[in-house]
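Remarks on the structure that follows.
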Amino acid sequence: MGKYKKIGKKSRVLRRLLAVGGTVVVVAVFLLHNISELEVKYKLLFAEPSLLSHPKRNTSRAPPPNQKRTNAIPSILRQFEENNNNNLFFPKDSNEDSRPILVICGGGGVDSYDKVFDTLHMFSNFTILRLLQKQIPPPFNTTNPVFLHGENCKDHPYVVESMERRKRSPYLVSMKEENWTSSSLLSSPSSWVHGVHWPNFFTTNSSNGHDGNANKYLRVIHERPAILKVLGEVFWRQHYRDVNGDFVVYREVETLIPNVLTIHFLQGVSTSMTRGWEGAFGFRNTTYILQNTVAHPHKRFRDKGDGSVINNSMVDIDDDGYYKKFCSFVIRFNSTNLIHMFNNTFYDTDALVRHMFFRQLSKSYKPCERVTNCSGNPYMSFKCMVGYKFHITMENTNLDGYVSEKLFNGALAGGIPIYFGASNVGKYTNKKSFVHCDVNKTILEEMRSFYPRTSRPRHFLFNRSASSSSWPTDEELYTWADGYLRPELEPCVRRVMELDGNDELYEATLREPFLLDEDIMSGAYPLRGVMLAYNLLSSSEEEARRVGFTTLPPDTLV
């Protein structure tokens with residue numbers, strides 16, 4: 001028996017040794033398989049630029065070129081297209097690890113772009129990582145779609161390496177004209193597709209300061225993040241040059257930037273995004289209010305049956321059920337000195353339109369009221385406008401695609417907005433729900449010519465009595481602008497008078513939904529276009545050719 005006990009003891013020892021040895025082998029295999037990813041994270045964490053940016057080092061474990069890339073974009077796109085989905089406005093990927101990723105500097109401060117991304121509903125679907133808060137970015141070979149905005153931390157190793165990888169793109173893509181115009185995805189040589197502008201591949205034009213060939217190619221997005229830029233200034237109408245990126249976010253659709261995909265940011269949508277998701281005027285409820293799917297708390301209606309008044313809130317109404325106040329005009333500077341509006345701003349003469357309309361309506365019909373005590377966040381200005389029958393919600397400039405918080409504030413205040421600004425405003429909102437003053441662009445351009453965009457200080461060039469002064473008096477400015485704008489604004493004044501004098505017509509306008517396209521508030525515009533562009537530019541070379549792209553070697557651009 002003793003012999004057998006000794007044998008059993010040896011057997012147990014042997015089994016334990018084999019178990020330990022097997023564990024060591026498994027750990028070794030795991031480390032060998034994942035060493036590249038661990039190495040990348042180690043370098044990013046401890047910021048070793050010399051190792052991170054080594055051009056000959058290849059730690060990629062990406063799928064072979066002919067293998068279809070898999071990421072979260074198709075599933076999110078499908079979710080947007082499911083019209084009967086209750087979560088249409090608030091898409092949430094069930095798999096947290098497969099969501100798109102936005103990498104930003106995240107340093108905070110006045111000059112930070114963090115707030116921009118907070119107001120872009122498109123990025124509510126993204127996992128956001130902040131480099132300056134020592135959050136580790138994804139490895140370059142991740143299958144998640146990744147976007148990078150690194151303007152405020154250009155020296156960070158991840159940003160440096162990302163830009164180097166962009167320079168070393170394995171190939172470029174262009175498109176033959178016959179493929180572009182016949183493509184099921186793109187309908188014209190220079191197209192906006194779901195809120196993303198694709199540059200014209202076929203125009204050779206160096207007049208804008210760019211090489212004529214620079215507009216013909218795009219860099220593919222392989223083994224790197226898509227480089228994202230944010231361009232802010234609208235009123236100066238800057239023509240940005242040498243945008244070293246793949247996408248730019250911009251607030252209007254007239255200034256087209258070569259050799260880059262432009263994402264249109266409809267600024268007015270952030271009217272509700274800045275107030276969070278929940279609450280009476282959080283993003284969730286605001287969406288339903290603007291589409292008339294829930295009662296608007298700032299509107300009153302006369303019941304069609306017995307004539308009683310339906311008042312949804314504490315709106316100030318008279319004994320007959322009408323708004324006590326006629327028209328609001330929220331203004332944030334001393335409007336008794338109009339010329340001061342042009343001090344320290346980039347405004348063009350377009351900014352005079354709202355003041356001329358205020359004056360014309362007040363003198364020829366009923367006085368409007370200047371609301372000058374509405375301080376604080378401009379996205380909350382609607383609270384100062386509640387109880388007025390009409391609201392002057394005019395932009396400071398006329399640019400297609402530039403629809404700011406002003407019009408949205410008017411819609412949330414409960415009366416009927418009176419709007420001047422983007423001529424194509426009907427593409428994003430329901431024009432039946434407000435009064436649109438569409439001033440002739442030729443008139444606006446001629447007025448701008450009298451206030452040219454030269455180096456500061458700018459000067460008005462029209463004749464005036466105070467010839468020795470650089471600035472006209474308020475009355476001189478009014479008189480000059482009135483000659484151009486009075487006939488343009490007269491139809492708008494008559495429309496307000498018509499609505500004010502006809503209760504049935506007024507209430508029919510008031511009942512119109514402000515938004516008809518659910519994509520505007522859901523973020524599908526422009527996310528759908530961004531997803532489409534990212535998928536095309538990150539596909540394999542074989543797939544790019546299949547959908548109609550022409551591929552070229554990277555040294556085509558020098």
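Structure notes:
- Any hit, the stretch 529-536, residues being closer than 26 Å to LYS167 by Cβ, polar (S, T, N, Q) and either surrounded by fewer than 20 Cβ atoms within 10 Å (Cβ to Cβ) or touching a residue at least 12 places away in the same chain (Cβ under 8 Å) (or both): yes
- Residue within the stretch 394-407 that is farther than 20 Å from HIS264 by Cα and outside any loop (DSSP other than H, G, I, E, B) present: no
- Matching option when the condition is modelled with pLDDT of 85 or more and assigned to a loop (DSSP other than H, G, I, E, B), among ARG224, ARG275, ARG241, ARG237: ARG224
- Unique match (being under 18 Å from PHE434 (Cα atoms), open to solvent by 10 Å² or more (accessible area, probe 1.4 Å), in a helix (DSSP H, G or I) and charged (D, E, K, R)) among ARG359, ARG354: ARG354
The values are calculated or read from the model by the stated rules, or taken from the named source; none is laboratory data. On a predicted model such as this, the values are computed, not experimentally measured, just so you know. Positions of Cβ are generated from backbone atoms using ideal geometry, with glycine treated the same way; all protein chains shown enter the neighbour counts. Accessible surface is based on the protein model in full, side chains and every heavy atom, while ligands, DNA and RNA are left aside. Shrake-Rupley method; radii C 1.70, N 1.55, O 1.52, S 1.80 Å.
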